[in-house]
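The values are calculated or read from the model by the stated rules, or taken from the named source; none is laboratory data. For clarity, every value in this text was computed on a predicted model and none was experimentally measured. Here the Cβ is made from the backbone with ideal geometry for all residues, glycine too, and neighbour counts use every protein chain on show.
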Amino acid sequence: MIRMPNFAIKRVDRLVAIAVLSSVGLTWLTIVGFDAFRIFIGELNDVGQGQYTLTKAIAYVLLTVPRRCYEMFSYAALIGGLLGLGGLAGSGELTALRAAGLSKFRICASVVFALTTLTAIVMLVGETIGPYGEQKAQALQLAAKSKDIALAKGGSLWARDGDTVINARRGRSRGGEVELSGVRVFEFDPEGRLASLALAERAVHVTGTWTLYNVRRTNFGPDNATSTQQAEQRWQSGLDPALLSLSIVQAQYMTLRDLSRNIFYLERNKQDASSFRQAYWERLFYPISVLALAFCAVPFAFGALRSGGLAKRLFIGMVLALCFYFLQRAIVNMGAVYGIHPAVANLIPPMLLASLALVYFRRHA
């Protein structure tokens, strides 16, 4: 039986918190730094394209750092937690705590409590600074690489194709397909007068061809205007879908509010919202995944981490992080195939890890 510990904050909590949080912070800084540097090296290949300079490449990478901090925190919490506890185990302090009467479960609770506040702060970053910086970074990159495409406040898209101006409320990119929603196409004559206005529910680019759906087109003559309605229409446009994809914020980078709004919009128009639903529930269960990873890593501190140095702890941490990543992807993808609700599919991996750790504590507490 597991003895329920006394959760009053004690000196042991401060000891464990200092060891774990310092290691998590160092690991977090290292992982985010390497990831940002990797992206910067890739951006150097685009320097010189349009007005994309080295300074703008640096600004682009810096604007995406908050989002990268959010993405990398779960792995930093796992690896940093192992390093911090490994240091305590190597110095014999964990053994001393056990000899003082503290159960393994109580020490584990100290780790989880230490990470809870930091996880809440990271969640706040993921809902505020992260998406804002990502949108600003994409707008900067797009404006520098293409003078004919721009992002307006709120994420709407404006583009120019010769004498045609296009506006779209939102867009999304999946594989080789680009889809724009709430499309307005303004066509001007050589004298700059509005010749026609087309309103379309959406525009889709597949295999090199643009198609407008639910189109209402109004042609303006010298003295009159005529309107036509079509369910589907081929659209001859020189818009580059590769550049347009730079303007589209990916579902995994959106806030819960934006994801909820997109899900409502797509479902109301009877369109596929599965990618947004999956991202919504993955983001909602993010803190559970982080704390479950920290919880399942603690048993190694009482066994495998007691002997061995930094390399061994790093190896165990990376293996656990990779296993969790592939387990989560596999279960979520299987859930999508077999019709399992995304909430259940995203909850299974952390609950499975927490259950395994709980079984360990039940047997060895």
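Laid out as a table, the results:
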item: Selected residue (only one of E93, E127 is over 30 Å from F315 (Cα atoms), of a type in the set (D, E) and assigned by TED's automatic domain parsing to the domain that holds L26); result: E127
item: Wholly within segment 188-283, strands (runs of 3 or more DSSP E) carrying at least 3 residues that are over 30 Å from the mean Cα position of the chain (by Cα) and among the aliphatic types (A, V, I, L, M); result: 194-206
item: Filtered residue count, segment 324-340, keeping only those that are without any contact (Cβ under 8 Å) to a residue 24 or more places away in the chain and over 17 Å from the mean Cα position of the chain (by Cα); result: 8
item: In segment 37-67, the residues that are touching a residue at least 24 places away in the same chain (Cβ under 8 Å) and surrounded by 17 or more Cβ atoms within 10 Å (Cβ to Cβ); result: Y52, K56, Y60, V61, L63, T64, V65, P66, R67
item: In segment 30-63, the residues that are aromatic (F, W, Y) and at pLDDT 90 or above; result: F34, F37, F40, Y60
